[in-house]
């Protein structure tokens, strides 16, 4: 025992080096996000900028759904529900906190926020801090709901999760429609007790007036964090457990893997990131956040990204998020056929290429790159 | 008292429709062990094909007055159409995936569902607007208790649903085909070795489920007269509730689906009448969560241990 422990300790890398190595991807993501916001955003039109935002948000959604549908082989169909919950939760935090603290819901952000006028602003201000906090609140609320939804349904084998999550999205939609109108003035907000504020999110009229903090910086920072989290999950102990559950749940259980716990873990992490994506979505310029955001159509869009990208391939899901976001632009002449085409693509894909375009492998793990020096096939990937 | 009777009548009327639709889910699940997501879209197809056929027949026949058998003619046409569609869905989309992982079959089912919804939305098929079905039966009050009227339409709906369920029960438990279905559901391999034509039995099950779905859609259109566009979320909710009914009754269990359908009807209608009508969907899904927590095999189902 002690010998083994000593051996293990001697193999552990020095903490400074491992910390630097662990943080390197995050630093790279941070740099990319700053570059996008400060050096690219001012030189492109609002429309491509909006597309870039959508791509980023869809990336976060698709990669997070991959953790459930791809890694563990469960099937969640209510991702938009979690996104809506996160969007509303973080919207409530920024809107009402701004009202209480600063008396107006205007964005009080710096250069890194979605403000067009960049002159004379500090990089980060109090508004950005509030926004970051609200994103975390949105993710946490969504993650907690993930526990409530996941625990009963993931104990069971099979397709119950699909039904429960589909029902969950609908319940979220119905409940949002029951809410009361948004409070428009600071006096009203001050006179309402704090615990009642979350019920004032506009009902079926939608939640408007949320400050616009979302910018390329925040979105691509979230993309980087999501990608890093997904890769670390997939390549670590959790990932082996997830993939084993997906391949054969009974065998995994026989090997001592607590299947329910791992499934719920994956589901909750996915719900958390969906909540973050929702927060980013709700703080985008010109979005009237409404109950429809929780509807089936958005969930189906994300599912299509995950399936096209390959169930379990993170890079595949991210690539598919880019393609599926841009596709409606190209399909505009045949807009009413878009969903018909998606549906047929889904069916044909399952029949002729059941693992999706990339399967569980990442894009660079494909044999097509084998001519490159230093290329290695994926560890443990099948075939 | 009047409110109670009225709610009871409503819950029986809607519950029998849920039960009809739930039967299709439960039969397919019993045999192939997957949720046929496209089932609710076959219901929609049943409603829309009745509508289209009724309109067409009415404009071409030139009757002074609608004959009494016209409704059943429309129903038979819808049944034939949906039965064919159900057969084709199984043959083209699900059969190539026999033996594939469950996730793939599930995704295909979702794909088929999306396809039916969005193809139906196309302008030259059903379009994106709700339409009304012409009156097939002249409605009148049959029986009045207090201030509650039992209408002819409600009676027709309930009697048709119950008659079909009794017929299905007879078919599953008393005929050779029913025995084959139960055998395939028990073990497809063994049934195949015993000489049961497994593929034909599965096709038959799909056709049967689709015929019941067509009836469900027809009765739905008859009851509400306005038929919503195929991709309307209301339809998805109907399908989901019917599926919840199948789970509550014990999925794979034919009698359980009937019981579950009526239970969902009662829960939904009494909840709407006595608590809050805007939350009626929430009650149904809360029931699903409760059942999954405490008795995942449903009321009439028995827990089957997972075999390797």
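Numbers at a glance
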| read-out | value |
| --- | --- |
| Normalised per residue, the volume of the convex hull around the Cα set of the protein assembly as shown (Å³) | 210 Å³ |
| Three-way shape label, the range A:298-379, alpha-carbon gyration tensor, a/c 1.5 | prolate |
| Length gained when the stretch residue A:175-residue A:7 is fully extended (0.36 nm per residue, less Cα-Cα span) | 54.9 nm |
| Degrees, to the nearest 10: A:237-247 long Cα axis against longest axis of chain A | 80 degrees |
| Value of [θ]222 nm, deg cm²/dmol, for chain B, DSSP H segments ≥ 4, -39500 (n - 2.57) each, nearest 500 | -24000 deg cm²/dmol |
| FRET efficiency for residue B:135 and residue A:297, using Cβ-Cβ distance with R0 set to 30 Å, rounded to 0.05 | 0.35 |
| Cα-based helix-to-principal-axis angle, B:102-121 vs chain B, degrees rounded to 10 | 30 degrees |
| Solvent-free Debye scattering, log10 I(q)/I(0), computed from the Cα coordinates of the range A:144-250 at q = 0.10, 0.18, 0.23 Å⁻¹ | -0.55, -1.10, -1.19 |
| Volume per residue of the C-alpha convex hull in chain B, rounded to whole Å³ | 144 Å³ |
| Choice from B:270, B:186, B:124 showing the highest fluctuation, given a GNM over chain B with Cα pairs closer than 10 Å | B:124 |
| The range A:240-377: Cα Rg divided by the 2.2 N^0.38 Å rule of thumb | 1.25 |
| FRET E, pair residue B:166, residue B:226, Förster distance 25 Å, beta-carbon r, rounded to 0.05 | 0.25 |
| Rg(Cα)/(2.2 N^0.38 Å) for the range A:19-141, N = residue count | 1.22 |
| Kirkwood Rh, angstrom, chain A [1 / mean 1/r, Cα pairs] | 22.0 Å |
| Cα gyration tensor, the range B:208-308 - rounded (a/c under 1.5), prolate or oblate | oblate |
| Within a Gaussian network of chain B (alpha carbon springs, distance under 10 Å), most fluctuating of B:121, B:189, B:229 | B:189 |
| Cα point-scatterer Debye curve for the range B:166-230, base-10 log of I(q)/I(0) at q = 0.18 Å⁻¹ | -0.70 |
| On Cα atoms only, tilt of A:216-235 relative to the major axis of chain A in degrees | 30 degrees |
| The range B:45-170: relative contact order in percent, alpha carbon pairs under 8 Å with at least 6 residues between | 24 percent |
| Number of partner chain Cβ atoms within 10 Å, mean per residue of B:234-244 | 2 |
| Volume per residue that the Cα convex hull of the range B:97-212 spans, once the total is divided by residue count, Å³ | 193 Å³ |
| Relative contact order (%) - chain A, alpha-carbon pairs under 8 angstrom, separation at least six | 29 percent |
| Shape category assigned to the range A:267-306 from the gyration tensor of Cα positions, a/c cut at 1.5 | oblate |
| MRE, 222 nm, helices only [DSSP H, n ≥ 4, -39500 (n - 2.57), over chain A, to nearest 500] | -20500 deg cm²/dmol |
| Stokes-Einstein D in µm²/s, Kirkwood radius over Cα pairs - the range B:1-82 at 10 °C with 1.306 mPa s viscosity | 104 µm²/s |
| Cβ-derived FRET efficiency at R0 41 Å, residue A:24 paired with residue B:190, nearest 0.05 | 0.10 |
| Chain B, relative contact order in percent, only Cα pairs under 8 angstrom and at least six apart counted | 35 percent |
| Simple spin-label estimate for residue B:88 and residue A:101 in nanometres, 7 Å along Cα-Cβ | 5.9 nm |
| Label-point separation in nm, residue B:149 to residue A:348, each point 7 Å along Cα→Cβ | 5.4 nm |
| Most mobile of B:216, B:146, B:83 in a GNM of chain B (Cα contacts under 10 Å) | B:146 |
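Values in this text are rule-based calculations from the coordinates and carry no lab data. Bear in mind that the values here come from a model prediction, so they are computed numbers and not experimental data. Methodologically, a virtual Cβ is constructed for each residue, glycine included, from the backbone with ideal geometry; neighbour enumeration extends over all protein chains shown.
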